[in-house]
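Novice: Sharing a structure below in structure tokens format, with a few things to ask.
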Amino acid sequence: MNLKEAITMQLKFKLLNKNIVILKGNTSEFLSPKLLNLPIKKPSLENINKNLFKSEYLELLTEFSNLDFLTFNQYLLHYLYQDKNLAIDNIYLYNSNWETESEIVHGNIKIFENKDKKTDDQETFGDIEKSEIFDFVNIESNDNAKNEDINSKLKSLIIEKINNDGIASQNLFILDLAESIYSDKNTQLDIAKLNSLIDMFTNEINQITHKIKPSNFKLIILIKNDQIFNSILFNNNQEITSLTIPNPSLEERKSFFNIRGRLFKKLANKLITKKEINDASAITNGLTFRELFQLEVFSNKIDNIKDFKELYRLCFFEKKESEWEKINAENLNKFLEDFDNKVKGQSHVGIKIKDTLIRSQVGLQGILQSSDIQKNSKPKGTLFFAGPTGVGKTESAKALSEFIFNDANQIIRFDMSEYNHEESDQKLLGAAPGYIGYETGGTLTNAVLQKPFSILLFDEIEKANSKIFDKFLQILEDGRLTSSKGELVDFSETFIIFTSNIGASTMPKDGDSKKIQEHFISEVKKYFSDELKRPEILNRIGIPNIIPFNKITSLEIKLDIIKSKIKKIKEFLLKEKNIKLIFDDSIEAYYTLVANNVDDSMGARSLILFLETDLVKAISNIIFKNRELIEKKLSESEDDDGLVNLKLKYVSSNDSRGFKEEIF
């Protein structure tokens, strides 16, 4: 169902059959009647703000132009009032700032509003070419500081209308709460009061009119975030129906750019050709027309914008270029070399990452899994690292981050053991309106909004509550996710890595790399299919994207890891302490000692722990003990570098071992 179908046929059908319709989702939208070929017209300019009978109002309607656009509630007023099948005589529109003394009448449409303030929409879109229809209905945005008990007011007014006007006419009441904020701090617009209002429509009106649905009194409630209506009070009420207003479809976005593309005047590559329009339509998957209008305004305030993709990044990510597009054959080969230096014994992992980056750079990543090739907005890559602890899963993610962003800490890491409760999805996306923590937002959505270009590392994913996987399905499929606050979060510039220890406890103790890799792939498949019973998650990740890591048992690989860690110690001392650390040939015997006296089941972590508690401890004690001597030699140094040499010799006997130092 596209946007036009929802706001015309679906809306009409539900209103004809039910007394109360809750409109959820994209209810703050801006709509262009010409763009969507909507079955409505506008009043002539000279009759705006006049009190007209309905027959007079209908006779004075004119055509919309290409540049006319309406707020969502403006559209509702005119569509519902003009539709012959609905035959509505009176429409009353209230928003969360309604004050009783502010009543404006257009035909038999009455709008209750605060007339003293300029709307946010007028400020935002003041520079857009538009017709006077934009000012036809001046609807105020939400201001909780002055928010009154709208439910009680509306309830009293409806009873008054019934008593004064009788029940012969068709009356529609629209309660616009699309911009209202529901939180633990807002007591004016809570569920209990809304339920009281709905109860009046379902019980009190029927008692007064002696009619069972559908009655002549109908109610539409507009809400942006539908979680407030996830209640038994609403879901079990037979007189209530709901309709989710979707964002514009691909074809509807194409219509937008076909009609309004020429208004993006400052783009070097104008939105004129079919390819440019198709590209813009694909990039904006998940955006509303309101956001497209914002892009239009933004584009005409910024200079030196090459094309729409650059505009989109600048508007939503605050940067023109993507680090992902800087990938080329030369630096990818360098990546493999650097990866092998950082992550020992896992060359196949580096190759798999390289292949994924190439597909992403060309634009073919996930193309076969996308239902529409022009909507391919998936993350840059998705990989599932499987294997025992300490084999380099996190280090591999850091190596990728350093290659793309020149920063190993551009990773956003989530310890999934912290998300093992039933409500953990709310921790990721944000609490529902009305619940504690709503205003804080979700850890995942906040992180990606703050750092849209990033590596997302979901560590030990098997420890997460299974409910969370529903959100991952949406991210992997659409590359978009809506937070609890209604914010659209774009994952198209992220690279997602899941890590897991699934199968580590049953890993064969003896076996070659191929046998161990087959074991981990098999165990991951069993976990999703048999234990979780969610094979669709595995299908979305892709079995070829499960990368099993080799067990670290080879003496050669262990020695390589030890030497890489020693190199790190040397680099730190030289850079931060001006100490040049030197080992004599005896250090090789120490390396072998370390490699042969660790727990292989702990992988590289056991090597690192041994070095920290032995070698690093010894070096620290030596520097601390000789601190005054080192400082004196540094001050007396005649070299420009100002270095002091610390030479260590490994010595061992039957009953002791350690390091002897020489400082010069």
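The values are calculated or read from the model by the stated rules, or taken from the named source; none is laboratory data. Predicted, not measured: the structure shown is a model, and the values here were computed from it. All Cβ positions, even for glycine, are placed from backbone atoms using ideal geometry, and neighbour counts span all protein chains on display.
Each row is one residue, and each column tells you yes or no for (1) surrounded by 20 or more Cβ atoms within 10 Å (Cβ to Cβ); (2) among the β-branched types (Val, Ile, Thr); (3) touching a His at 6+ places or on another chain (Cβ under 7 Å); (4) not assigned by TED's automatic domain parsing to the domain that holds GLN410.
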| site | (1), (2), (3), (4) |
| --- | --- |
| THR494 | yes, yes, no, no |
| ILE497 | yes, yes, no, no |
| THR506 | no, yes, no, no |
| ASP510 | no, no, no, no |
| LYS515 | no, no, no, no |
| PHE520 | yes, no, no, no |
| VAL524 | yes, yes, no, no |
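Novice: Out of ILE48, ILE111, ILE104, which single residue is at pLDDT below 85, among the aliphatic types (A, V, I, L, M), in contact with a strand residue (DSSP E or B) (Cβ under 8 Å, 6 or more places away or on another chain) and under 30 Å from SER255 (Cα atoms)?
Specialist: Just a single option satisfies the conditions, and that option is ILE48.
Novice: Follow-up question, since we're still on this one. Hey, which of the strands (runs of 3 or more DSSP E) in the range 475-552, taking only ones fully inside, have at least 3 residues that are farther than 30 Å from THR27 by Cα?
Specialist: Here the list reads 494-500, 546-548.
Novice: Can you pull out the residues in the range 10-33 that are β-branched (Val, Ile, Thr) and part of a strand (DSSP E or B)?
Specialist: ILE20, VAL21, ILE22, listed by residue number.
Novice: May I pose another question? Kindly indicate whether LYS344 is of a type outside the set (Ser, Thr, Tyr), part of a loop (DSSP other than H, G, I, E, B), in the same structural domain as ALA408 (by TED's automatic domain parsing) and more than 31 Å from the chain's Cα centre (by Cα).
Specialist: So LYS344 fits the description; yes.
Novice: Does the range 468-487 contain any residue that is small (Gly, Ala, Ser), more than 11 Å from the chain's Cα centre (by Cα) and buried (at least 20 other Cβ atoms within 10 Å of the Cβ)?
Specialist: no
Novice: Can you tell me how many residues in the range 254-312 are on the phi > 0 side of the Ramachandran plot and surrounded by 15 or more Cβ atoms within 10 Å (Cβ to Cβ)?
Specialist: 1
Novice: If you take just the helices (runs of 4 or more DSSP H) that sit entirely in the range 189-280, which of them hold at least 1 residues that are closer than 30 Å to PHE293 by Cβ and at pLDDT 80 or above?
Specialist: Correct list: 250-260.
Novice: Taking ASN285 as meeting all but one of (1) outside any helix (DSSP H, G or I); (2) over 17 Å from GLU29 (Cβ atoms), write down the number of the exception.
Specialist: For ASN285, the failing item is (2).
Novice: Being buried (at least 17 other Cβ atoms within 10 Å of the Cβ) and either over 29 Å from the mean Cα position of the chain (by Cα) or closer than 17 Å to TYR312 by Cα (or both) is the filter here, so list the residues in the range 235-247 that pass it.
Specialist: Those that are buried (at least 17 other Cβ atoms within 10 Å of the Cβ) and either over 29 Å from the mean Cα position of the chain (by Cα) or closer than 17 Å to TYR312 by Cα (or both): ASN237, GLU239, ILE240.
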